[in-house]
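Please read the structure below before turning to the comments.
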Amino acid sequence: MSLIRMTGRLRYAAPLLLVVAVAACSKQDEAAKPATSAATPAATPPPPAVSAEVQAMNADALREAATKALRENRIYAPGGDNAMEYYLALRDKLPHDPGVTSALTDLLPYTVIAAEQSIAREEFPEAQRLAAIIEKADPKQPALPRLQQSIASAQQAVAARAVTDEAAKTKAAEDAKLKEQQRLAQQADQQRATEAAAAQQLAQQQEAARAEAARQETERQAAAQREAAERQAAAARAAAPAAAPAQALRAVSTPAPRYPPEALRSGTQGEVLVEITVGTDGSVTNARVVRATPARVFDREALNAVRRWRFEPVDAPVTTRRTIGFSPGT
């Protein structure tokens, strides 16, 4: 097929190609999409419009490759294997071929659309490649300055957004770190408060134990002093010369003592040896417990009972001892 015939058919099929090309834009762009979308630094030189491999092909190979690329809707992508690059390389070899010029004119609008879509998707390397193709195809293309400015502006916006995102991430990390430090500080304060409360409780328990020990020691010493005093009194009485026989006491009223309810319920029995002093009018003027078995169970009731006792009047006060027994059966 001659290039003139192919160009004529291309013009005849231009409306159909436009529909097909627009429908295939997304597929072609996906094939040309890099592994990661990242803004190309402004200092990076634009890619060549035509790859070195395509430039090295001869005219016949370029015609065949261009025809196949059109048939497969590879108008501008992927790089190095598309109709635009093949026709650009063919124009370099045949600059006055009207068919090549016409083909580039027909395909250029699709490349402009693809470049705009790449900019919108922030695929800047692809957008720069397409802009280089457009510039080589028609340096005076009205959309070219706008595309180049859009690429530069979009790259700057992406770079600024990256800085903003990085700053936001940094602040979020700092906020998280500060929150963690505050949590740890609060946890440490709670731990110290718990330890302080435990130490205070231990100190109170120790103080209570010391107070109880002191009380028991005081009671023990008091009991030892009483026992010593009783032994001394007994020894003094034993060493004293025998006194004149005391006047005999004749009881008038000796009410029995009340039985302690606790001892009665438990069936406890015992006896209390009391020492009483009877006044001249026959009343008990003094009474004390000399010995009690068991201790401090029947003492109070025994003393209450003997203080109510009455005797016939005597010439002089008389001190005597009486044993009061406590038995549940009596």
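Tabulated data
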item	result
By accessible area with a 1.4 Å probe, ligands and nucleic acids excluded, highest first: order of Lys179, Lys68	Lys179, Lys68
Percent accessible area from carbon and sulfur atoms, the stretch 67-125, protein chains only, probe 1.4 Å	56 percent
Selection of trypsin sites (Lys or Arg not before Pro), the stretch 262-319, meeting DSSP coil and at most 10 other Cβ within 10 Å	Arg296
Accessible area of Val284 in the full protein assembly, 1.4 Å probe (Å², nearest 10)	20 Å²
Residues of the stretch 299-326 with amide N under 15 Å of the 7 Å Cα→Cβ point at Gln247	311-320
Among Pro260, Thr285, Gly270 - extreme Cα towards positive end, dipole of the stretch 242-312, charges at beta-carbon	Pro260
Per-bin percent of Cα-Cα distances, the stretch 102-169 [10 Å]	21, 46, 20, 9, 3, 0
Potential extension, Ala316-Arg291 segment - 0.36 nm per residue separation minus Cα distance	6.4 nm
Solvent-accessible surface (1.4 angstrom probe) belonging to Tyr76, in square angstrom, nearest 10	0 Å²
Efficiency of FRET from Cβ geometry, Arg307 and Gln225, R₀ 30 Å, rounded to 0.05	0.75
Residue-level accessible surface for Thr164, protein heavy atoms, 1.4 Å, Å²	90 Å²
Cut-off 14 Å between beta-carbons: net charge of the residues surrounding Thr280, Lys and Arg +1, Asp and Glu -1	-1
Charge dipole (the stretch 166-207, unit charges on Cβ, about Cα centre) - positive-most of Ala167, Leu184, Ala198	Ala167
Rounded, prolate or oblate (a/c below 1.5 giving rounded, otherwise prolate when a/b exceeds b/c) for the stretch 277-321 by Cα gyration tensor	prolate
Magnitude of the charge dipole, the stretch 97-190, Cβ model with Lys/Arg +1 and Asp/Glu -1, debye to 20	240 debye
Rh by Kirkwood over Cα pairs, then Stokes-Einstein D for the stretch 106-265 at 1.002 mPa s and 20 °C, µm²/s	77 µm²/s
Accessible surface, the stretch 102-235, averaged per residue in Å² (probe 1.4 Å)	65 Å²
Calculated over the stretch 57-143: convex hull of Cα atoms, volume per residue (Å³)	86 Å³
Using a Förster distance of 41 Å, the FRET efficiency for Glu53-Lys169 (Cβ separation, nearest 0.05)	0.45
Net charge of neighbours whose Cβ lies under 15 Å from the Cβ of Ala305, counting Lys and Arg as +1 and Asp and Glu as -1	+4
Compactness of the stretch 51-99 as Cα Rg over 2.2 N^0.38 Å, two decimals	1.01
Carbon plus sulfur fraction of accessible area for the stretch 144-208, probe 1.4 Å, in percent	57 percent
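The values are calculated or read from the model by the stated rules, or taken from the named source; none is laboratory data. Everything numeric in this text was worked out from a predicted model, so none of it was measured. Ideal geometry is used to build each Cβ from the backbone, glycine not excepted, and the neighbour counts take in all protein chains shown. Ligands, DNA and RNA are stripped out before the accessible areas are found, and what is left, the full protein with its side chains, is counted by its heavy atoms. Shrake-Rupley method; radii C 1.70, N 1.55, O 1.52, S 1.80 Å.
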